[in-house]
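First the structure, which I've put down as structure tokens, then a few questions once you've had a look.
The values are calculated or read from the model by the stated rules, or taken from the named source; none is laboratory data. Computed from a prediction, not measured in an experiment: that's the story for all the values here. Every residue, glycine among them, receives a Cβ derived from its backbone with ideal geometry; neighbour counts consider all protein chains shown.
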Amino acid sequence: MHNLSFWEQQTWCNDIDFAIIGSGIVGLSCALQLRERFPQAKIMVFERGILPSGASTKNAGFACFGSVSEILDDLNTHSEEEVIQLIRSRRKGLELLRKQLGDTNIDYKQFGGYELFSLKDARLYEKCTSQVPYVNKLVNEAFFAKNDAFSIKNDSFSFKNIQKQVIFNQFEGQIDTGKMMQGLIKKASEKGIFILNGVEIASFLAKNDKISLFFDKSNATSEIDNTYSNEEVSVKKLFIATNGFAKQFLEEDIQPARAQVVVTKPIPNLKIKGTFHLEKGYYYFRNINNRILFGGGRNLDFETENTSNFGLTKVIQDQLETILKTTILPEIPFEIDTRWSGIMGVGSQKKAIVKTIAPNVHCGVRLGGMGIAIGSTIGKELANKA
């Protein structure tokens, strides 16, 4: 923590029309929509990390709207019409993202998606394959189309310990999330939107048409720092787009969910292309050129993984490597190149929370692991609360 100089206060932290907490997909999409509506407004985005801190640069890069097992699972907690609306919103969000940044700039590739079923999941496999026509009906209603998304195919990738047939989704794609966020940041900068990195907002107070943002003081080195700190700014309207970290600001049905991911070193002559879902989507993998990205395993230890702390655990990392060796890359030598974790926001419902929580204070959170699919539209919807 440091005290803001007079120049810093006057240039960056003075006369802010719109403040956004969080510079991920939702936050920057919100900022860009605000710029479209208010060309002369001063828009400031506060980001606690050097890069977006939650999941926007840490996800797997799936451009998807749900596997068959995920959609059937959603029907346990949502009505049929609600599920159709969820699928529709995901498709619209992906279309908006691609239109906004361009397929080349996000390295969008539509290799298709595959749902795999382990040999021990025979009952789930039978249920999902038998329900493919029904799920296609829901997707067609969501897309206003008649071209079925899902079909049943033989496994052509020589995976091990899975059912011989897989469910293929012809509309599923993949993107480079680093390039996506780089594109959003560049676009925001070109539009005169300020992004302050390394600034954590600890709390806010909305009172008498004034919103005060209070910066985190946890790094204060002395009592006098706390006494004389001027790290507080006033803004006219506030938008909270922190997703997995939203509990800090909101009393809503949302909790953090950590996801752990690994990426292999390059594998010569890798034949695997596409996005893949395993065990109801709790595991997921894809190719990145000639590497494999593999993530998931949260279901091994929900209690530990319902956290907003980044980190890796032995139980999940060991299981990811085991599945790579026994199922995805059997008899193919590989080495892990990179490991990381990201923080999602989940709840009892899949629908995102976009609402006004106080006068001139709005939130767009709980993306439920579908940030790429719905982040752009949630950001736009959030901005339209202004």
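Take the residues in the range 327-352 that are among the charged types (D, E, K, R) and in contact with an Asp or Glu (Cβ under 9 Å, 6 or more places away or on another chain), then tell me which one is surrounded by the most Cβ atoms within 10 Å (Cβ to Cβ).
Only one residue fits best here, namely Lys350.
Hey, any hits in the range 183-191 for a residue that's surrounded by 14 or more Cβ atoms within 10 Å (Cβ to Cβ), assigned to a loop (DSSP other than H, G, I, E, B), out of contact with any strand residue (DSSP E or B) (no Cβ under 6 Å at 6 or more places or on another chain) and modelled with pLDDT under 95? Walk me through it before giving the result.
Residues of the range 183-191 that are surrounded by 14 or more Cβ atoms within 10 Å (Cβ to Cβ), as a first pass: 183-185, 187-188, 191.
Pick out the ones that are also assigned to a loop (DSSP other than H, G, I, E, B) and you get 191.
Checking the rest, the ones that are also out of contact with any strand residue (DSSP E or B) (no Cβ under 6 Å at 6 or more places or on another chain) come to 191.
If we keep only those that are modelled with pLDDT under 95 too, we end up with none.
Looking for residues that are surrounded by 14 or more Cβ atoms within 10 Å (Cβ to Cβ), assigned to a loop (DSSP other than H, G, I, E, B), out of contact with any strand residue (DSSP E or B) (no Cβ under 6 Å at 6 or more places or on another chain) and modelled with pLDDT under 95, one finds none in the range 183-191, hence no.
Just checking, how many residues over the range 236-277 are hydrophobic (A, V, I, L, M, F, W, C) and in contact with a His (Cβ under 8 Å, 6 or more places away or on another chain)?
Looking only at the range 236-277, we keep the residues that are hydrophobic (A, V, I, L, M, F, W, C), and these are 238-241, 245-246, 249-250, 254, 257, 259, 261-263, 267, 270, 272, 276.
Still in the list and also in contact with a His (Cβ under 8 Å, 6 or more places away or on another chain): 238-240.
The number of residues fulfilling the criteria is 3.
Scan the range 162-180 and give yes if some residue there is in a helix (DSSP H, G or I), touching a residue at least 24 places away in the same chain (Cβ under 8 Å) and surrounded by fewer than 17 Cβ atoms within 10 Å (Cβ to Cβ), otherwise no.
We begin by selecting, within the range 162-180, every residue in a helix (DSSP H, G or I); these are 177-180.
Filter once more, so that each one left must be touching a residue at least 24 places away in the same chain (Cβ under 8 Å): 177-180.
Now drop any that are not surrounded by fewer than 17 Cβ atoms within 10 Å (Cβ to Cβ), which leaves 178-179.
Yes, because at least one residue in the range 162-180 is in a helix (DSSP H, G or I), touching a residue at least 24 places away in the same chain (Cβ under 8 Å) and surrounded by fewer than 17 Cβ atoms within 10 Å (Cβ to Cβ).
Conditions first: (1) of a type outside the set (Phe, Trp, Tyr); (2) more than 24 Å from Gln255 (Cα to Cα); (3) in contact (Cβ under 8 Å) with a residue 24 or more places away in the chain. Lys325 passes all but one, so which condition is the exception?
Unmet condition: (3).
Kindly indicate whether Pro52 is surrounded by 21 or more Cβ atoms within 10 Å (Cβ to Cβ) and at negative phi.
Numbers: surrounded by 21 or more Cβ atoms within 10 Å (Cβ to Cβ): yes; at negative phi: yes.
It is true that Pro52 is surrounded by 21 or more Cβ atoms within 10 Å (Cβ to Cβ) and at negative phi.
Would you tally the residues in the range 353-369 being at pLDDT below 95 and surrounded by 20 or more Cβ atoms within 10 Å (Cβ to Cβ)?
2
Out of all the residues in the range 324-338, is one or more closer than 30 Å to Glu80 by Cβ and of a type outside the set (Ser, Thr, Tyr)?
As a first pass, look at the range 324-338 and keep what is closer than 30 Å to Glu80 by Cβ: none.
Looking through the range 324-338, none of the residues is closer than 30 Å to Glu80 by Cβ and of a type outside the set (Ser, Thr, Tyr).
While we're looking at this one, here's another question. Go through (1) within 21 Å of Gly364 (Cβ to Cβ); (2) polar (S, T, N, Q); (3) buried (at least 20 other Cβ atoms within 10 Å of the Cβ) one by one and return the number of the condition Gln85 breaks.
Result: Gln85 passes all but (3).
Determine which member of the set Ile343, Ile378, Ile323 is touching a Pro at 6+ places or on another chain (Cβ under 9 Å) and either in a helix (DSSP H, G or I) or closer than 16 Å to Gly296 by Cβ (or both). Lay out the reasoning, then the answer.
Numbers: Ile378 fails: touching a Pro at 6+ places or on another chain (Cβ under 9 Å); Ile323 fails: touching a Pro at 6+ places or on another chain (Cβ under 9 Å).
Criteria check complete, one pass: Ile343.
Please go through the range 299-317 and pick out each residue that is in contact with a Ser or Thr (Cβ under 9 Å, 6 or more places away or on another chain) and within 18 Å of Asp121 (Cβ to Cβ).
Result: Leu300, single match.
Checking Ile211 against (1) under 27 Å from Ala386 (Cβ atoms); (2) assigned to a loop (DSSP other than H, G, I, E, B); (3) hydrophobic (A, V, I, L, M, F, W, C), only one condition comes out false. Which one?
The one condition Ile211 does not meet is (2).
Return the only residue of Lys127, Lys146 being on the phi < 0 side of the Ramachandran plot, at pLDDT below 95 and surrounded by fewer than 16 Cβ atoms within 10 Å (Cβ to Cβ).
Working: Lys127 fails: at pLDDT below 95.
Of Lys127, Lys146, the one residue that is on the phi < 0 side of the Ramachandran plot, at pLDDT below 95 and surrounded by fewer than 16 Cβ atoms within 10 Å (Cβ to Cβ) is Lys146.
Taking Ser158 and the conditions (1) touching a residue at least 60 places away in the same chain (Cβ under 8 Å); (2) small (Gly, Ala, Ser); (3) surrounded by 17 or more Cβ atoms within 10 Å (Cβ to Cβ), which numbered condition does it fall short on, given that it satisfies the others?
For Ser158, the failing item is (3).
Is it the case that the range 244-262 has a residue that's more than 24 Å from Ser53 (Cα to Cα) and touching a residue at least 24 places away in the same chain (Cβ under 8 Å)? Explain how you work it out, then say what you get.
Here is the first cut: in the range 244-262, the residues more than 24 Å from Ser53 (Cα to Cα) are none.
Checking the range 244-262: not a single residue is more than 24 Å from Ser53 (Cα to Cα) and touching a residue at least 24 places away in the same chain (Cβ under 8 Å).
Check whether at least one residue in the range 302-317 is part of a helix (DSSP H, G or I), closer than 26 Å to Lys271 by Cβ and not hydroxyl-bearing (Ser, Thr, Tyr), and report yes or no.
Going through the range 302-317, the residues part of a helix (DSSP H, G or I) turn out to be 302-305, 314-317.
Subset that is closer than 26 Å to Lys271 by Cβ: 317.
This time we only want the ones that are not hydroxyl-bearing (Ser, Thr, Tyr), so: 317.
The answer is yes, given that some residue of the range 302-317 is part of a helix (DSSP H, G or I), closer than 26 Å to Lys271 by Cβ and not hydroxyl-bearing (Ser, Thr, Tyr).
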